[in-house]
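So the structure is just underneath, and the comments pick up after that.
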Protein chains: 2
Amino acid sequence: MSKVRMEKLKPMDTRLSRWGKALAHPARIAIPRTLSQRDACVCAEIVDHLPLAQGTVSQHLKDLKNAGIITWTVEEPSSCYSLDKKTRSQLAGEMGRLFEEITSGCNSTTCSTKVKSK
Amino acid sequence: MSKVRMEKLKPMDTRLSRWGKALAHPARIAIPRTLSQRDACVCAEIVDHLPLAQGTVSQHLKDLKNAGIITWTVEEPSSCYSLDKKTRSQLAGEMGRLFEEITSGCNSTTCSTKVKSK
DNA sequence: TCCTTTTATCGCATCTATACGACAAAAGAT
DNA sequence: ATCTTTTGTCGTATAGATGCGATAAAAGGA
């Protein structure tokens with residue numbers, strides 16, 4: 001999408017869509033889940049749990065880093081990944097609010113507005 | 001992603017990633033929000049509120065339909081869109097569980113597992 | 001210094017997503 | 001029967017996402 005068009009959309013919607021995009025791939029769902037369920041913080045272990053090449057997993061990890069979902073510490077030669085606490089709650093909060101909005105509104109089952117003429 | 005690879009991932013992760021993908025575009029955040037906040041159920045009004053061509057909006061509406069997020073009734077020549085109640089709660093429920101999982105696990109700040117040798 | 005280990009990045013190929021304008025479809029109005 | 005209105009779909013073009021193997025980088029060990 002072009003920058004011009006993006007600017008005409010609400011910043012909040014763009015921000016939320018970034019959360020969506022970050023979670024728009026099975027591997028990027030599986031990685032945070034793995035980090036929460038197991039102690040597999042080392043990159044190599046994450047790779048072992050996914051049917052993807054190391055380079056590909058590293059790319060997904062980068063996406064999750066950019067989205068602020070995970071943090072990492074470098075302990076050469078390995079990297080330790082973990083879930084970002086601060087952003088976790090922010091994610092849950094913002095998405096929760098979105099769901100509240102969506103859940104609370106528009107209870108009509110038929111069309112309430114019509115365009116009869118111009 | 002190829003079918004072979006998809007099959008090696010958990011079905012739950014694939015299902016959740018579809019929710020993410022459906023919400024991975026600002027327009028597909030804005031449309032459900034509009035449907036919840038206003039009574040703009042007629043397609044033409046949705047188009048008026050977005051900086052996108054009618055055909056493009058129709059495509060996004062199709063995506064949201066396929067994801068099960070919105071429902072619609074046809075009242076020729078117009079279409080009335082609304083949020084899908086059943087799927088709304090499902091979405092909130094599944095995503096909520098994911099966030100719970102993510103939020104509850106992995107409190108360590110340093111690496112807990114290391115691969116020293118093979 | 002030269003290997004080993006581990007991870008990030010690059011180059012490339014392919015597939016998907018997104019956008020637009022133009023057109024098709026459907027039903028009421030004239 | 002024809003026109004109008006509204007929406008869905010198509011063809012096409014471009015940008016982004018995704019994948020892999022190969023390579024670079026960084027630090028410790030031999």
Calculate, for A:His49 and B:His49, the FRET efficiency according to 1/(1 + (r/R0)^6) with r their C-beta to C-beta distance and R0 30 Å; round to the nearest 0.05. 0.10
In peptide A:9-17, how many Cβ atoms from other protein chains are near each Cβ within 10 Å, on average? 6
Could you work out, residue by residue across B:72-82, how many beta carbons of other chains sit within 10 Å of that residue's beta carbon, and then give the average as an integer? 3
Please sort by residue number the trypsin sites (Lys or Arg not before Pro) in region B:14-69 whose DSSP state is loop and whose Cβ has at most 16 other Cβ atoms within 10 Å. B:Arg38
Pairs to check: A:Lys65/B:Lys62; A:Lys10/B:Lys21; A:Lys62/A:Lys86; A:Lys86/B:Lys65. Give those whose C-alpha atoms are more than 22 Å from each other in this structure. A:Lys65/B:Lys62; A:Lys86/B:Lys65
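The numbers here are math on the coordinates, done by the rules we state, and not lab data. Please read these numbers as outputs of a predicted model, since none were measured by experiment. When we count neighbours, we look across all protein chains shown, and the Cβ atoms used for this are built from the backbone with ideal geometry, even at glycine.
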